Amino acid sequence: MLSTFFVAAVLAGTPLLLGALGEILTEKSGNLNLGVEGMMFMGAITGLAGSYYYEQGVISGGGTPSGFVSAAVALLTSFLAGACGALIYSFLTITLRANQNVTGLTLTIFGTGFGNFFGEYIGQKAGGYVAVTDVTKKAFSSLNIPVLSDLPVIGPLLFRYNWLVYFAVVTAVIMAWFFNRSRVGLNLRAVGEDPATADAAGINITLYKYLATVIGGGICGIGGMYMSMVTTSGVWVHNCVSGYGWLAVALVIFATWSPARGMLVALVFGGLTVMRMYVKIPGLPAQIYDMFPYIATVLVLVITSMRQSREHAQPKSCGLNYFREER
């Protein structure tokens with residue numbers, strides 16, 4: 001039971017980790033993008049649609065679709081969709097200096113509508129619903145790593161997940177190194193903490209903010225693609241993201257803006273989201289289970305504010321537009 005619960009927590013926590021990593025990268029540049037839910041929706045439908053149309057094109061030409069190519073198409077299209085949503089946000093907040101909170105919320109509304117509209121539209125054109133073939137579903141199924149997957153106990157716990165789980169972990173590790181060891185990462189942190197000082201040091205504030213926000217949005221889009229290709233098994237389900245974007249924002253706070261801690265916190269959040277299926281508490285309503293991740297976030301916020309740790313605090317300029325003339 002415990003091992004099954006752990007595996008379910010990892011699978012449920014992976015899209016949360018991807019969404020959180022994208023938002024951490026964004027907030028490290030000083031941009032507070034609350035449009036994670038919208039970007040995940042955009043990535044969910046475009047990733048599914050990319051694989052679906054690739055398959056249909058190959059089949060109509062008399063060929064056989066490749067699971068590897070189909071997965072690559074889903075990865076690329078979902079990243080581009082999330083990046084496109086983030087680019088809209090960046091243009092409005094960095095170039096036009098619009099309010100970041102309002103713009104992020106608007107992006108969430110836009111992305112949610114975008115995903116659900118095109119999901120239903122493509123489904124009607126496809127004859128009722130959109131679904132990829134078994135070739136693509138197999139490409140997103142659990143891997144069988146020689147020797148490692150067959151190890152007792154450890155094999156099922158660590159080496160039998162789909163490739164997106166390992167992609168998320170590798171992304172988190174690279175991002176942790178990037179922020180703490182690379183010159184560009186340290187410059188990005190400087191932009192998020194004090195853009196005026198970074199600007200005076202010759203750092204291109206606009207470029208760093210644009211790149212971090214757009215790439216972060218792309219990672220969020222991949223998190224959405226996980227929902228449509230893995231969670232719902234390659235079938236478009238209306239509102240499939242269903243609040244995971246907001247949970248990812250909460251995870252960022254829980255992880256105190258650290259990609260390394262984000263991996264552990266994503267596992268905890270994943271466990272909290274699937275707890276009602278594995279841990280039955282008599283008389284406890286399902287809605288209370290859904291509150292657990294947010295209750296945990298509130299507790300972490302209280303503890304973090306009491307400790308007043310600069311290392312674990314939100315970047316100082318996060319949510320504030322930079323006006324060079326006020327430097």
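The values are calculated or read from the model by the stated rules, or taken from the named source; none is laboratory data. Only a predicted model underlies this, so the values are computations on that prediction, with no experimental measurement involved. With ideal geometry, Cβ positions are generated from the backbone for all residues, glycine too; neighbour counts draw on all protein chains shown. For the accessible areas, the whole protein counts, side chains as well, though only heavy atoms, and no ligand, DNA or RNA atoms are used. Shrake-Rupley method; radii C 1.70, N 1.55, O 1.52, S 1.80 Å.
Numerical summary
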item	result
The range 177-227, residues that are open to solvent by 80 Å² or more (accessible area, probe 1.4 Å) and either of a type in the set (Lys, Arg) or in contact with a strand residue (DSSP E or B) (Cβ under 9 Å, 6 or more places away or on another chain) (or both)	Arg181, Arg183, Arg189
Leu105 being at pLDDT 95 or above and either out of contact with any helix residue (DSSP H, G or I) (no Cβ under 6 Å at 6 or more places or on another chain) or of a type in the set (Val, Ile, Thr) (or both)	yes
Residue in the range 49-65 that is modelled with pLDDT of 95 or more, charged (D, E, K, R) and over 24 Å from Ala172 (Cβ atoms) present	yes
Residue match in the range 280-288 (condition: assigned to a helix (DSSP H, G or I) and surrounded by 18 or more Cβ atoms within 10 Å (Cβ to Cβ))	no
So Phe292, is it aromatic (Phe, Trp, Tyr), open to solvent by less than 20 Å² (accessible area, probe 1.4 Å), touching a helix residue (DSSP H, G or I) at 6+ places or on another chain (Cβ under 7 Å) and part of a helix (DSSP H, G or I)	no
Any chance Gly113 is farther than 30 Å from Phe5 by Cα and at pLDDT 95 or above	yes
Scan of the range 31-48 for residues that are of a type in the set (A, V, I, L, M, F, W, C) and either free of Cβ contacts under 8 Å to residues at least 40 places away in the same chain or crowded, with 24+ Cβ neighbours inside 10 Å (or both), ordered by number	Val36, Met39, Met40, Phe41, Met42, Ala44, Ile45, Leu48
Matching helices (runs of 4 or more DSSP H) fully within the range 113-194 where at least 3 residues are of a type outside the set (Ser, Thr, Tyr) and under 20 Å from Gly50 (Cβ atoms)	134-139, 163-181
